[in-house]
Amino acid sequence: MSPEDDRDELRLPIVQAGDPVLRRPTRLVPVDEIASDRIQALLDAMIATLSGVGVGLAAPQVGVDLRIAVIEDPPEYHAQMPDDLLEAQDRTPVERYVLINPELTVVDAKPVEWFEGCLSVDGYRAVVPRATAVHVRALDREGQPFELDATGWHARILQHEIDHLDGCLYVDRMLTRTLVDSESYSERWGGDAIDHVKALFGAD
Ligand code: ZN
């Protein structure tokens, strides 16, 4: 079996908005359970589920109310994006990693606005203001503590995923008048300046 098949075998269905699990705060993972087969298998399944479809996945999105998220922003995702957009979004590749029991602190609250989507709100995008820079403390899959600082797109991903762990979806924070369906986002709005989109939709 190739690693690709193995990955597909492990994929879990992604829960969509409407399931209460997405709206409940999650439970901390007891540190002495991190090494258990149950948690390690969940991490592998979450990694497989995220692979190739998104930049972050939180446990409630696979129906599990635990404080766990997986992040990755591989270079393949950036290949089709214009360099000036990547630069404006301060978006650089992020190697896959796991967050267990993360705590997020805002380092620079200055809001940055970009379109955002969510695997659990399939088919839509909206402009969401997010803090410029954050600091996160968490445990890795061996249960070891680590800390990281993130800015730009990586900081956005962290805010989005850790929001999930508190029962919050991007629709709670979006500029509601900028909600668009994914098709029109791809065709018309993805390359447009956010200020222009906001003005057109009366979202100022
Ligand atoms: Zn999401």
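The values are calculated or read from the model by the stated rules, or taken from the named source; none is laboratory data. Keep in mind that what you see is a predicted model, and the values were worked out from it rather than measured. FYI the Cβ positions are ideal-geometry reconstructions off the backbone, even for glycines, and counts take in every protein chain you see. Protein only, heavy atoms only, side chains kept; ligands, DNA and RNA dropped before computing areas. Shrake-Rupley method; radii C 1.70, N 1.55, O 1.52, S 1.80 Å.
Structure above, values below:
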quantity	calculated
Any hit, region 139-149, residues being part of a strand (DSSP E or B), in contact (Cβ under 8 Å) with a residue 60 or more places away in the chain, open to solvent by 10 Å² or more (accessible area, probe 1.4 Å) and out of contact with any Asp or Glu (no Cβ under 8 Å at 6 or more places or on another chain)	yes
Out of His135, His196, sole residue that is under 17 Å from the mean Cα position of the chain (by Cα), more than 16 Å from the ligand (Cβ to nearest atom) and of a type outside the set (Phe, Trp, Tyr)	His135
Lone unmet requirement of (1) within 30 Å of Pro30 (Cβ to Cβ); (2) open to solvent by 20 Å² or more (accessible area, probe 1.4 Å); (3) in a helix (DSSP H, G or I); (4) not charged (D, E, K, R) for Leu158	(2)
Close pairs (9 angstrom Cβ cut-off, 6 or more residues apart or separate chains): in contact (Cβ under 8 Å) with a residue 24 or more places away in the chain and open to solvent by less than 30 Å² (accessible area, probe 1.4 Å) in region 111-129, within 12 Å of the ligand (Cβ to nearest atom) and among the polar types (S, T, N, Q) anywhere	Cys118/Gln61; Ser120/Gln16; Ser120/Gln61; Val121/Gln16; Val128/Gln159
Boolean, Arg173 is within 13 Å of the ligand (Cβ to nearest atom), surrounded by fewer than 20 Cβ atoms within 10 Å (Cβ to Cβ) and within 22 Å of Ala88 (Cβ to Cβ)	yes
Arg91, sole failed condition from (1) free of Cβ contacts under 8 Å to residues at least 24 places away in the same chain; (2) touching a Phe, Trp or Tyr at 6+ places or on another chain (Cβ under 9 Å)	(1)
